[in-house]
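The values are calculated or read from the model by the stated rules, or taken from the named source; none is laboratory data. Source: prediction; values computed, not measured. All Cβ positions, even for glycine, are placed from backbone atoms using ideal geometry, and neighbour counts span all protein chains on display. Surface accessibility is based on the protein's heavy atoms, side chains included, excluding ligands, DNA and RNA. Shrake-Rupley method; radii C 1.70, N 1.55, O 1.52, S 1.80 Å.
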Amino acid sequence: MDTNTQPHAIELIRLADACQSVIVRLGSTESTLERPGVRHYDAEAVVTSDFMNGSVYLGFDSEDLADWGRLLDAIEEAEQEADLDEPFTADWPRSGRTAYLRFIAEDPYVVEVHDGPSTQIVVSVPLDMGEGWITESRGRLAAARAALEGGGA
């Protein structure tokens, strides 16, 4: 599906179904900025579908990696509570600093890619996530952390 895959790009996030995807790829395993205890990284959010394809710069820091793990835990917990009046919704990384993803846990899942600080364009991608996507996402997170470990993440 994704014909723009870079051979050695590390995918922190891959949310996909048979028709479309939202992927967050690391730009490099080297941090772009450091402040005490926190490293900043460059990435891009890539949307691929039969309707449109696009990408936007997305910056995140080492604290956002922990936030992504907590977000996966919260989504898993929300999935087990079938009687929620409102769908679980969360942003990653924290909105306002860079482009970000908004996760809306309904059927189907909806992932919005927000380019808030720049163009203010929002792309909404419904995804029919299969079983095991949270486990796969945790595996990608662990692999990204391992790759960034040399940089101190």
Length gained if MET52 through GLU30 is fully extended, taking 0.36 nm per residue and subtracting the Cα-Cα distance, is 4.9 nm
accessible surface per residue for segment 16-153, probe 1.4 Å, DNA/RNA/ligands not counted, whole Å² -> 52 Å²
State, as an integer percentage, the relative contact order of the chain based on alpha-carbon contacts under 8 Å between residues 6 or more apart. 21 percent
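On the protein heavy atoms, probe 1.4 angstrom, tell me the percent of accessible surface of the chain carried by carbon and sulfur.
Details: 3940 of 8230 Å².
Solvent-exposed carbon and sulfur of the chain make up 48 percent of the total.
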From the helices alone, meaning DSSP H stretches of at least four residues, give me the mean residue ellipticity at 222 nm for the chain, per-run term -39500 (n - 2.57), in deg cm²/dmol to the nearest 500. -7500 deg cm²/dmol
Per GNM of the chain with C-alpha springs under 10 angstrom, the most fluctuating residue out of PHE103, PHE51, PHE60 is PHE51
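Given a Förster radius of 22 Å and the C-beta distance between ARG145 and ARG102 as r, what FRET efficiency does 1/(1 + (r/R0)^6) yield to the nearest 0.05?
That pair, ARG145 with ARG102, gives E of 0.45.
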Could you give the size of the charge dipole of the chain about its Cα centre, using +1 on the Cβ of each K and R and -1 on the Cβ of each D and E, expressed in debye and rounded to the nearest 20? 820 debye
Cα-Cα P(r), the chain, percent of pairs per 5 Å interval: 2, 9, 19, 23, 22, 15, 7, 3, 1
